[in-house]
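Worksheet: one structure, shown below.
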Amino acid sequence: MHSKNLITTPLAAASNLERLGTDNLVLLRSHGLAEYNSAEGIAFAMGISLEKLRFLTTSTSITRHYLPFKISKKTGGERIISAPKPELKAAQRWILENILEKLEVHNAAHGFCKNRSIVTNAKPHVGANVIINLDLQNFFQSIDYNRVKELFCGFGYSEPTATIFGLICTTAEIAIDGKINYIASENRHLPQGSPSSPAISNLICRNLDSRLATISENLGFSYTRYADDLTFSASGDASHQISNLIKNAKIIITNESFTVNDNKTKISSKSVQQEVTGVIVNTQLNISKKTLKAFRATLYQIEQEGLSGKTWGNSTNLIAAITGFANYVAMINPNKGAEFKSSVERIKQKYGNSQPDEVRF
């Protein structure tokens, strides 16, 4: 599909769009969603000009809507995030708040959901005899423009309106080695770094979650998903069903247009340390003793000697890093977290509560 047809034509068509059919209106209203019949109406609702809307839905080798920065992976190495520039980010956040957040995701989804977290994702698997971890490869990039547009059509929006929303929420830019490169418009995909991408991925995965939850229940397993991390567990003797579960799960995942990263598939019995999105779940929710010991030692050194020369994680903002990790511990283990939070507060009172923000490029 040529970029001219993908970008210019639908936007022009949306300017003179006829009113939606009855079925579409009923569907929109059942979701509590407002009706948008034209590009002008969408631009007005977003508080921008039609020309600005046209600019935000266009990606070329000259136009750049994203800035890349690196974050450290928990498993080591770095991940490059494509952060939308302010105007596009505002449009994506408008879609998130006015459309996406009004829709229900599957109960098995715990990532980027209100009142859900890594804690709620891990709890169903505490004390399991066996835990199976699967990982979806290139999760956001595997969700392309057509799937996003079809999602908005499924809410009840017309194709021209869904096209506009789909173009705003996807990108023809990709971050490689810390630089943004332009790809063909037909390869548009969800950007990792957009405020709307997590919600869209959860909504697109509703059918995946439903099918995996059903097959899991039929085989005696529990199932949860946190973004691209899929977890299955069984409290009873399900050893004879493990291969059957994995085989069927892979068939469903492939059928839903995702790919399993076989290098990250992990099967853990209760005789070894079992983890779900970094949380230990053998007998209760916890964090590894090694990590807790290292953090306690770091806090002690900071409190005794000051901030200079101390680090935690890869952030250049030490106060923010230790505050964030103390809160993380408190979320999983309230007693240990309370101890760490008290230490952090003493450090803030003794050495100050501010440092320069982390530099991103």
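Things worth noting here:
- The stretch 29-45 - residue that is open to solvent by less than 30 Å² (accessible area, probe 1.4 Å) and hydrophobic (A, V, I, L, M, F, W, C) and, of those, farthest from residue 169 (Cα to Cα): 33
- Residue in the stretch 1-28 that is least open to solvent (accessible area, probe 1.4 Å), counting only those that are under 27 Å from the mean Cα position of the chain (by Cα) and at pLDDT 50 or above: 28
- Within the stretch 42-61, residues that are in a helix (DSSP H, G or I) reach partners that are small (Gly, Ala, Ser) and open to solvent by 40 Å² or more (accessible area, probe 1.4 Å) with beta carbons closer than 8 Å, at six or more positions or on different chains, in the pairs 43/49; 45/34; 46/90.
- Identity of the residue in the stretch 46-61, closer than 15 Å to residue 94 by Cα and of a type in the set (Val, Ile, Thr), that ends up most open to solvent (accessible area, probe 1.4 Å): 48
- Index of the failed condition, residue 115 passing every other in (1) part of a strand (DSSP E or B); (2) open to solvent by 30 Å² or more (accessible area, probe 1.4 Å): (1)
- Complete set of residues in the stretch 79-105 that are buried (at least 18 other Cβ atoms within 10 Å of the Cβ) and closer than 28 Å to residue 217 by Cα: 105
- If you go through the stretch 320-338 and keep only what is closer than 13 Å to residue 295 by Cα and touching a Leu at 6+ places or on another chain (Cβ under 9 Å), you end up with 322, 326, 329, 336.
Let's see how each residue does on (1) under 30 Å from residue 229 (Cα atoms); (2) in contact (Cβ under 8 Å) with a residue 12 or more places away in the chain:
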residue: 268; (1), (2): yes, yes
residue: 277; (1), (2): yes, yes
residue: 287; (1), (2): yes, yes
residue: 291; (1), (2): yes, no
residue: 296; (1), (2): yes, yes
residue: 306; (1), (2): no, yes
residue: 314; (1), (2): yes, yes
residue: 336; (1), (2): yes, yes
residue: 343; (1), (2): no, yes
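- Qualifying residue in the stretch 188-199 (condition: open to solvent by 10 Å² or more (accessible area, probe 1.4 Å), touching a Phe, Trp or Tyr at 6+ places or on another chain (Cβ under 6 Å), not aromatic (Phe, Trp, Tyr) and not in a strand (DSSP E or B)): yes
- Within the stretch 168-183, if we keep just the residues that are open to solvent by 10 Å² or more (accessible area, probe 1.4 Å) and among the aliphatic types (A, V, I, L, M), the residue that is modelled with the highest pLDDT turns out to be 174.
- Of the residues making up the stretch 62-71, those that are open to solvent by 30 Å² or more (accessible area, probe 1.4 Å) and outside any loop (DSSP other than H, G, I, E, B) number 3.
- Single residue of 164, 174 found to be part of a strand (DSSP E or B) and either free of Cβ contacts under 8 Å to residues at least 24 places away in the same chain or more than 19 Å from residue 226 (Cα to Cα) (or both): 174
- Checking residue 265 against (1) touching a strand residue (DSSP E or B) at 6+ places or on another chain (Cβ under 8 Å); (2) over 25 Å from residue 139 (Cβ atoms); (3) hydroxyl-bearing (Ser, Thr, Tyr), the condition it does not meet: (2)
- Summed over the stretch 128-157, the residues that are outside any helix (DSSP H, G or I), on the phi < 0 side of the Ramachandran plot, in contact with a Leu (Cβ under 8 Å, 6 or more places away or on another chain) and open to solvent by less than 20 Å² (accessible area, probe 1.4 Å) give a count of 6.
The values are calculated or read from the model by the stated rules, or taken from the named source; none is laboratory data. Note that this is a predicted model, so its numbers are computed, not measured. With ideal geometry, Cβ positions are generated from the backbone for all residues, glycine too; neighbour counts draw on all protein chains shown. We work out accessible area using only protein heavy atoms, side chains counted, and drop any ligands, DNA or RNA first. Shrake-Rupley method; radii C 1.70, N 1.55, O 1.52, S 1.80 Å.
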